[in-house]
Amino acid sequence: MIIAALALTGVLFAAQAHAQSMMPSINLSIGSGTKGGTETATAMKIFIFMTLLTVAPALILTMTCFTRVVIVLSFIRQAIGVHQTPPNQVIIGLSLFLSFFIMGPVFKDINENAIKPFFADQISQDDAFAKASMPLKAFMLKQTHKNDLQMMLKVAKPEEMPTTLETMPLSILVPSFILSEMKTAFEIGFLIYLPFVLIDMVVSMVLLTMGMMVLPPVVISLPFKLMLFVLVDGWNLIVGSLVSSFK
């Protein structure tokens with residue numbers, strides 16, 4: 001029994017030695033020499049690019065004008081009374097492309113001053129992040145209400161109060177920006193609701209006067225609201241006002 005175990009152990013050691021002799025050698029050194037440094041830089045760039053693709057939806061939601069646009073377009077659909085038209089896919093798609101249009105100058109600035117120099121090995125990763133964050137900070141700070149920013153600073157209680165755009169941390173600026181965007185979107189939604197509410201009130205009064213209390217007023221007011229929205233070219237007015245609100 002002992003002899004068989006020793007023989008089996010010898011066979012296993014021999015097979016392992018043969019496998020190691022047949023396995024190709026792999027160099028796992030990082031940054032050793034010019035070729036190793038270049039491969040490491042390329043791998044880091046691919047890693048950063050894949051990370052940005054992963055967090056891109058969160059960045060679009062929190063650091064661009066997408067929040068205001070999609071909320072306002074949703075208010076329009078609810079104010080008219082057609083809860084499924086346009087569909088959610090159309091609302092989100094239109095909001096996304098409007099956001100790209102509005103954020104075009106900011107994205108161009110980031111591409112010219114941060115992304116291209118970084119991929120050309122002209123600046124470091126930290127410099128690229130700093131230069132990429134500056135246009136976004138300037139855009140968000142311009143759209144952020146002062147009281148929202150002061151509230152977040154009061155809650156965060158930083159050791160040193162930021163006095164310039166460079167010292168303003170994103171952890172404080174981004175929540176302030178989101179709160180301001182939702183507040184502005186709800187203010188725009190309130191103004192959008194007013195003419196449609198008036199139509200509903202007029203239709204309800206007419207039906208009540210005629211004694212047709214069983215007929216839902218929404219059934220009668222919906223064609224009038226659609227006709228009003230089409231006659232005043234509502235989509236053109238809403239989209240133009242949204243784009244202008246960021247200027």
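For residues that are free of Cβ contacts under 8 Å to residues at least 24 places away in the same chain and among the hydroxyl-bearing types (Ser, Thr, Tyr), scanning just region 185-216, find the one that is farthest from ARG68 (Cα to Cα).
Selected residue: THR209.
Residues checked against (1) open to solvent by less than 50 Å² (accessible area, probe 1.4 Å); (2) closer than 25 Å to LYS146 by Cα; (3) in contact with a helix residue (DSSP H, G or I) (Cβ under 8 Å, 6 or more places away or on another chain):
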site	(1), (2), (3)
ILE199	yes, no, yes
THR209	no, no, no
GLY234	yes, no, yes
ILE238	yes, no, yes
PHE246	yes, yes, yes
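Restricting the search to region 151-160, which residues are open to solvent by 30 Å² or more (accessible area, probe 1.4 Å) and under 29 Å from ASP127 (Cβ atoms)? It would help to see each step written out before you state the result.
To start, the set of residues in region 151-160 that are open to solvent by 30 Å² or more (accessible area, probe 1.4 Å) comprises 151-152, 154-160.
Listed by number, the residues that qualify are MET152, ALA156, PRO158, GLU159, GLU160.
Determine, yes or no, whether PHE186 is within 20 Å of THR62 (Cα to Cα) and surrounded by 12 or more Cβ atoms within 10 Å (Cβ to Cβ). Step through it out loud before you land on a result.
On the way: within 20 Å of THR62 (Cα to Cα): yes; surrounded by 12 or more Cβ atoms within 10 Å (Cβ to Cβ): yes.
Answer is yes for this residue.
Just one of (1) at pLDDT 85 or above; (2) open to solvent by 50 Å² or more (accessible area, probe 1.4 Å) trips up PRO135, so point out which.
Only one criterion in (1) at pLDDT 85 or above; (2) open to solvent by 50 Å² or more (accessible area, probe 1.4 Å) is unmet by PRO135, namely (2).
Within the group LEU215, LEU222, which residue is hydrophobic (A, V, I, L, M, F, W, C) and crowded, with 16+ Cβ neighbours inside 10 Å? Before you say what the answer is, go through the steps one by one.
Details: LEU215 fails: crowded, with 16+ Cβ neighbours inside 10 Å.
Only one candidate qualifies: LEU222.
Would you mention how many residues in region 172-189 are within 12 Å of PHE139 (Cα to Cα) and aliphatic (A, V, I, L, M)?
2
Hey, can you tell me all the residues within region 161-174 that are within 14 Å of LEU59 (Cβ to Cβ) and open to solvent by less than 40 Å² (accessible area, probe 1.4 Å)?
Passing the criteria: LEU173, VAL174.
Of the residues GLY104, GLY81, only one is open to solvent by less than 60 Å² (accessible area, probe 1.4 Å), among the small types (Gly, Ala, Ser) and touching a residue at least 24 places away in the same chain (Cβ under 8 Å); which?
Details: GLY104 fails: touching a residue at least 24 places away in the same chain (Cβ under 8 Å).
Being open to solvent by less than 60 Å² (accessible area, probe 1.4 Å), among the small types (Gly, Ala, Ser) and touching a residue at least 24 places away in the same chain (Cβ under 8 Å) holds for just one of GLY104, GLY81, which is GLY81.
Could you tell me whether region 198-208 includes any residue that is closer than 30 Å to SER99 by Cα and hydroxyl-bearing (Ser, Thr, Tyr)? Break it down stepwise before answering.
Taking region 198-208 and keeping what is closer than 30 Å to SER99 by Cα, we get none.
Checked against the condition, which is being closer than 30 Å to SER99 by Cα and hydroxyl-bearing (Ser, Thr, Tyr), region 198-208 yields no hits at all.
Within region 107-118, can you find the residues that are open to solvent by less than 80 Å² (accessible area, probe 1.4 Å) and not polar (S, T, N, Q)? Steps first, please.
Residues of region 107-118 that are open to solvent by less than 80 Å² (accessible area, probe 1.4 Å), as a first pass: 107, 109-111, 113-115, 117-118.
Correct list: PHE107, ASP109, ILE110, ALA114, ILE115, PRO117, PHE118.
The values are calculated or read from the model by the stated rules, or taken from the named source; none is laboratory data. Note that this is a predicted model, so its numbers are computed, not measured. Neighbour counts run over all protein chains shown; Cβ positions are idealised from the backbone, glycine included. All accessible areas refer to the heavy atoms of the entire protein, side chains included, with ligands and DNA or RNA removed. Shrake-Rupley method; radii C 1.70, N 1.55, O 1.52, S 1.80 Å.
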